[in-house]
Amino acid sequence: MADEEEVKEGGGNKMIVIILIAIIVLLLAGGGAFFFMQQSAPPPAAVEGETGAEGGDATEAALDKASLGESMELDPFIVNLTSTTGVDRYLKVVLVLVVSNEKVKEEVVNKTPQLKDSIITVLSSKSPDEVLTIQGKHDLKIELVKRINTVVTTGVARELFFTEFVVQ
């Protein structure tokens, strides 16, 4: 009977040791992760009160550069691509448009039919070979932003992102 009690007490001590080792390992892993995150964090952009090259606050300049503007996702576009082989090919794109301010965003909503017409005209004029390359996608973005900016008058479309791009 005394032997059984010693075995139970020994098993309990082993369990406590295992739990303590697990806690120590977790603390070391957490400390290592904290140290790694502190080392890889970017330095602060500017100390408050410092002035930039233009004489204004450096923090204001950093915020201005960091702000992309207002973004809005447009409805999906599905168009026939120009084909020289006689095989029908389709393009489906979803665009996110980044505009300079809230007024432009409202104007885009109000001028949706004109914008859709312009975008469909540009997209449907392309061939699969033109839009399947990286350079072709880049050129298409530039052309679409230029076309959108001809319709928008209260500001500018700064950038355009493809969130879906499927050629079939």
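What follows draws every value from the coordinates through simple rules; no lab data is involved. Here the structure is a predicted model, which is why all the values come from computation and not from measurement. Ideal geometry is used to build each Cβ from the backbone, glycine not excepted, and the neighbour counts take in all protein chains shown.
Worth pointing out:
- Spin-label model distance (nm) - VAL25 vs GLU102, 7 Å beyond Cα toward Cβ: 5.4
- Net charge in the neighbourhood of VAL99 (other residues with Cβ under 11 Å of its Cβ; Lys, Arg +1, Asp, Glu -1) is -2.
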